[in-house]
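Comments concern the structure below.
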Amino acid sequence: MDARRTLWWIRVCIAVMILGLFVSGVTAFPLRVELVIGSDLLHASPAVDWFPDAVAWVDRVAAALVDVDGRYPFISYGTDWLAYAHLAIAVVFIGPLVDPVRNIWVIQFGVIACAGIIPLALIAGGVRGIPLGWQLIDMSFGVIGVIPLLIAWRLTRRLERMRSV
């Protein structure tokens, strides 16, 4: 694989990561609305019979968000900051999109952050009473997110070697 094609694949992997962070960030702002719609959709589908515990969990979270937003809307400010953090981290990945060799540290940071999702979900999820199935869904973000990052890291090292020859 030549340097141009290697750089193209690195950029594809980084763009996937940026897109994932952007979507995660933007969808964290309207959580209450999303959960209410999600609950309605689940109740209109066979999921009620197939996955009753999951549907009950979504219902519980939706009801809690409606209650909290109604009585304590400032609590949602925390998820606004979560959303902003996703968007800010997405912007950081523009560095390796432009020059992956010089900004390989951002890719390495992303790998470390993805790995950190697993203990966070297990520890905080357990402390907060999050069902194991939901913790596994949360962990999947790290497992899935690390794939394009590891590919980008490996290809960036290859690109670095190509440029030093």
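Values computed for the structure shown
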read-out: Solvent-accessible area, 1.4 Å probe, carbon plus sulfur percent, for segment 10-165; value: 73 percent
read-out: Segment 74-165 - charge dipole about Cα centre, Lys and Arg +1 at Cβ, Asp and Glu -1, debye rounded to 20; value: 440 debye
read-out: Segment residue 163-residue 12, extension gain: residue separation times 0.36 nm, minus the distance between their alpha carbons; value: 52.4 nm
read-out: Degrees separating the helix 31-43 axis from the principal Cα axis of the chain, which is the longest one; value: 70 degrees
read-out: The chain - accessible surface per residue (Å², probe 1.4 Å); value: 64 Å²
read-out: Sequence-distant residues sharing a close amide H with residue 93 (under 5 Å, placed H); value: none
read-out: Per-residue [θ]222 nm for the chain (sum of -39500 (n - 2.57) over DSSP H runs n ≥ 4, rounded to 500); value: -29000 deg cm²/dmol
read-out: Folded to 0 to 90 degrees: helix 104-128 orientation relative to the chain principal axis, Cα; value: 20 degrees
read-out: The chain: angle of helix 77-92 to the longest principal axis, Cα-based, in degrees nearest 10; value: 20 degrees
read-out: Charged-residue dipole, Cβ positions (Lys, Arg, Asp, Glu), the chain about Cα centre, Debye nearest 20; value: 1080 debye
read-out: Under 13 Å, Cβ to Cβ, from residue 48 - net charge with Lys/Arg +1 and Asp/Glu -1; value: -4
read-out: Rounded D (µm²/s) - segment 14-63, Kirkwood Rh over Cα pairs, Stokes-Einstein at 20 °C, 1.002 mPa s; value: 178 µm²/s
read-out: Cα-Cα P(r), segment 1-103, percent of pairs per 10 Å interval; value: 14, 29, 25, 18, 12, 2
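The values are calculated or read from the model by the stated rules, or taken from the named source; none is laboratory data. Quantities reported herein were computed from a predicted structural model and do not represent experimental measurements. Backbone-built Cβ (ideal geometry, glycine too); neighbour counts: all protein chains shown. With ligands, DNA and RNA removed, areas are computed over all heavy atoms of the protein, side chains included. Shrake-Rupley method; radii C 1.70, N 1.55, O 1.52, S 1.80 Å.
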